[in-house]
1. Can you show me the helix-derived [θ] at 222 nm for chain B, built from DSSP H runs with n ≥ 4 at -39,500 (n - 2.57) apiece and divided by the number of residues, rounded to the nearest 500.
2. Quick one: compute the contact order of region A:13-73, relative version, from alpha carbon pairs under 8 angstrom and 6+ residues apart, as a percent.
3. Summarise the partner chain shielding of B:77-85 as one whole number: the mean count of Cβ atoms from other chains within 10 Å of each residue's Cβ.
4. How long are the semi-axes of the ellipsoid equivalent to chain B, from square roots of 5 times the Cα gyration tensor eigenvalues, in whole Å, largest first?
5. Among B:239, A:47, what is the fewest-to-most ranking by other Cβ atoms within 10 Å?
6. Please compute the Cα-Cα pair-distance distribution of region B:270-337 with 10 Å bins starting at 0, giving whole percents from short to long.
7. How shielded is B:66-72 by partner chains, expressed as the average number of their Cβ atoms within 10 Å of its Cβ atoms?
8. For helix B:92-102, report the angle its Cα long axis makes with the longest principal axis of the Cα atoms of chain B; keep it between 0 and 90° and round to the nearest 10°.
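Just so it is clear, none of the values below were taken in a lab; they were calculated from the coordinates. Since we're looking at a predicted model, the values are computed, not measured. No Cβ is skipped: glycine too gets one built from the backbone with ideal geometry, and neighbour counts run over all protein chains shown.
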Amino acid sequence: MTAVSSPAPARQRTPVRRRAQKRVGTLGRNIGIGVALFFALSPLYWMVTTSLKTDLEATRQDPSLWPEELTASNYHELINGNLPFGSFALNSIITALAAAVIGMVLSALGGYALSRGTFRLREPISYLVLIAQMLPLVVLLGPLYLLLLNAKLVNTLPGLVVGYISFAVPFGMWLMKGFFDAVPREVEEAARVDGYPRWQILFRVVLPLTIPGLLTTGTFVFIESWNNLIYPLTLINTMDKQTLPGGLILSFTGQFKTDWAGMMAASCVTTIPLLVAFFAIQRSMVRGLTAGAVAGE
Amino acid sequence: MASISLRGVEKRYGSELVLRDCNLDIDDHEFMVLVGPSGSGKTTLLRIIAGLEPLSGGDVYFDDVRVNEVDVGDRDIAMVFQNYGLYPHMNVYDNMAFGLKRRGLPKDQIDEQVRRTAQLLGIEPMLRRRPKQLSGGQRQRVALGRAIVRDPAVFLLDEPLSNLDAHLRVQMRAEILKVHRAVTATAVYVTHDQVEALTMGDRIVVMRDGLIQQVGTPEDLYDHPANRFVAGFIGTPAMGFVRCTVRRTADSAELVGPGLRIPIPQQRAAAIPPDVDTVEVGLRPERLLLEPASERLGTVTGVVEMIEQLGSEYYVHVDVDGAVVTARAAREHRVRIEDKVQLRTDGSYAHIFDVETGAVYG
């Protein structure tokens with residue numbers, strides 16, 4: 001009798017224990033997400049609230065979590081003041097957009113060659129491209145500066161675009177390679193049988209199938225270029241050609257004082273295009289970064 | 001329409017030779033099936049005919065014109081791929097019209113050809129649908145339509161039915177044959193399914209390890225296999241093989257083994273070289289019968305290992321001293337597993353192979 005009845009409570013206890021374990025697991029996961037969100041969002045919160053504080057409140061020794069006196073003066077000053085904010089923004093838009101478009105085209109062509117090319121050095125070149133991506137930007141800055149100097153492109157917007165493309169394209173190529181790898185070869189071969197030459201197959205069959213990849217690559221290059229500080233600071237030396245990150249640093253930081261509130265207001269405005277771009281392609285970006293990860297995708 | 005000739009075709013991937021000295025003539029309007037197990041090189045051979053795979057050696061001729069250097073798009077071929085290869089971003093109409101547009105045909109002619117083909121295949125109602133909105137069978141029809149709409153000289157099909165369920169496969173087989181009759185193109189069809197090969201091909205090429213084993217009509221391959229591999233590959237259930245000794249007397253000959261004695265006609269015995277004593281004997285299931293003993297018929301004795309019920313009849317797998325042969329039996333013959341049975345066979349239908357090379361005698 002005992003032998004028969006003993007497993008029964010064990011069977012009853014197991015689901016209870018499992019449910020408890022599940023609850024603890026969920027709680028742990030939520031705490032983890034909360035901590036990660038705190039680290040990710042608190043700088044944003046600080047940026048937004050500081051932009052709404054007075055200059056005095058923003059720099060006082062005991063910082064306030066929420067502005068004691070809400071003010072839009074920093075935004076007013078940004079638009080109506082002496083700061084060439086419009087010029088910075090225009091330069092940023094021109095260079096980031098140009099880099100995004102050119103980077104997208106180069107990444108697509110390079111990625112296609114890495115994915116479908118039959119040349120002997122395809123694999124070593126693929127990895128060289130990846131290694132280039134691993135080098136810190138600062139390491140590339142010296143040689144890039146010399147190249148642009150010789151090409152008379154220092155202190156020009158095209159020069160800055162070249163700089164942006166140089167660091168964004170290697171990653172973009174790998175991103176696009178993942179998308180091209182996911183396009184079944186049979187689809188391309190069907191187009192070959194239909195009589196289309198290779199370049200037409202790329203433009204009429206393969207690229208339409210990799211639009212999420214193209215958007216992801218373009219947005220990635222745009223965001224990277226828009227946020228880049230070190231290249232404009234090094235390659236541009238006049239304020240009229242400066243972009244937003246470099247311009248803001250140079251304008252709001254002085255020898256004796258930094259206008260934190262003003263800088264945060266400018267940063268808020270600067271962040272908006274990035275947020276719009278990111279949310280617009282968020283889903284395809286996730287798909288883009290995981291392309292090729294699942295067999296048969 | 002075109003005839004195809006392969007002369008000494010070879011294909012190498014690195015150091016690995018995947019096709020060896022392939023010689024084949026495919027007649028105009030013929031339906032030729034390439035069949036063989038996985039890795040036998042049949043798809044590679046098809047891709048070489050298509051021009052999708054460069055040759056490592058040999059020549060390919062279309063109507064006696066060497067096409068080795070002719071690009072795939074200029075060979076006037078159409079191909080149906082195993083996974084359909086439809087353009088996912090185009091609807092059915094555009095999928096079918098894509099190749100015609102490349103040829104610069106006027107819009108109304110393209111429209112006429114696409115609709116006529118769609119009607120032939122019964123896919124007219126789905127012309128505006130995208131491939132992902134279609135079932136497997138419908139996709140296969142579209143792939144077929146895309147291939148025939150261009151009225152190609154050569155029609156290549158690479159395991160087109162392998163992704164379909166058994167019922168649909170049988171239906172599509174008939175459909176493909178109907179289409180082939182309608183378009184009069186030369187067709188080369190790759191499959192690993194020998195039933196598909198037997199039911200569809202005017203002639204069949206059996207391949208193994210990159211070598212053509214035998215080319216012939218379905219009846220040829222079934223009744224006169226060139227070697228042990230073809231004999232075992234063609235036919236369901238497969239031919240059973242038993243090792244035997246050849247016993248010759250002045251006026252008769254018989255094949256003898258443990259539990260086995262099969263008299264064979266003199267001319268069959270004459271085909272076996274006199275110095276050969278041991279041979280491999282192949283017996284088709286329909287030639288092994290559960291019948292009473294008779295003078296003329298040979299006897300194969302063994303133990304029933306497995307019974308396959310087919311409803312109208314059944315197959316009995318019999319262990320003959322370690323070798324398994326299959327016999328076809330009528331429903332009235334009642335046998336059970338572990339039963340000792342005596343099977344009768346007519347020696348004139350026995351296939352006799354060389355033990356070493358597998359080549360057929362006679």
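1. Details: 9 runs with 90 residues, N = 362.
Only helices count here, giving -7500 deg cm²/dmol.
2. That works out to 26 percent.
3. For peptide B:77-85, the averaged partner shielding equals 4.
4. Working: eigenvalues 429, 123, 46 Å².
The three semi-axes for chain B are 46, 25, 15 Å.
5. Working: B:239 22, A:47 16.
Ascending Cβ contact count within 10 Å gives the list A:47, B:239.
6. The calculated distribution, bin by bin, is 17, 46, 26, 9, 1.
7. 1
8. 70
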